[in-house]
Amino acid sequence: MGSSREIAIGPVAVVSMLLSSLVPKVEDPVANPHAYRNLVFTVTFFTGIFQTAFGVFRWFSHQFMKICFRNYYHTKVHASSHVISDNSPLN
């Protein structure tokens with residue numbers, strides 16, 4: 001199935017494989033290795049920036065939703081526990 005370590009590394013590995021297959025189509029590594037190396041460094045740098053930004057955005061959105069809907073989820077759980085306990089055959 002896979003451990004959490006393998007699941008956490010999966011998206012990064014997929015992006016790395018995509019970049020390694022797409023960059024040689026843009027710049028030939030044999031004809032111009034210096035330009036190829038510069039392109040690889042630039043693409044990986046911006047990929048890291050985007051992945052970091054998306055991770056930070058995901059964390060902030062999660063915290064925002066947790067704060068905004070704290071009372072909503074609390075009342076839903078509280079109300080459902082009353083429905084379950086009120087319909088219990090032990091009452």
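Look at PHE50 and say whether it is modelled with pLDDT of 90 or more and of a type in the set (A, V, I, L, M, F, W, C).
Against the criterion (modelled with pLDDT of 90 or more and of a type in the set (A, V, I, L, M, F, W, C)), PHE50 qualifies.
Got a number for residues in segment 17-44 being surrounded by 13 or more Cβ atoms within 10 Å (Cβ to Cβ) and either among the small types (Gly, Ala, Ser) or not in a helix (DSSP H, G or I) (or both)?
Summing the residues that are surrounded by 13 or more Cβ atoms within 10 Å (Cβ to Cβ) and either among the small types (Gly, Ala, Ser) or not in a helix (DSSP H, G or I) (or both) in segment 17-44 gives 3.
State whether the residues of segment 40-61 include one that is within 25 Å of the chain's Cα centre (by Cα), of a type in the set (A, V, I, L, M) and farther than 22 Å from LEU18 by Cα.
For segment 40-61, residues within 25 Å of the chain's Cα centre (by Cα), of a type in the set (A, V, I, L, M) and farther than 22 Å from LEU18 by Cα: present.
The values are calculated or read from the model by the stated rules, or taken from the named source; none is laboratory data. In this text, all values refer to a predicted model and were calculated from it rather than measured experimentally. Please note: Cβ atoms are built from the backbone with ideal geometry, for glycine as well, and neighbour counts cover all protein chains shown.
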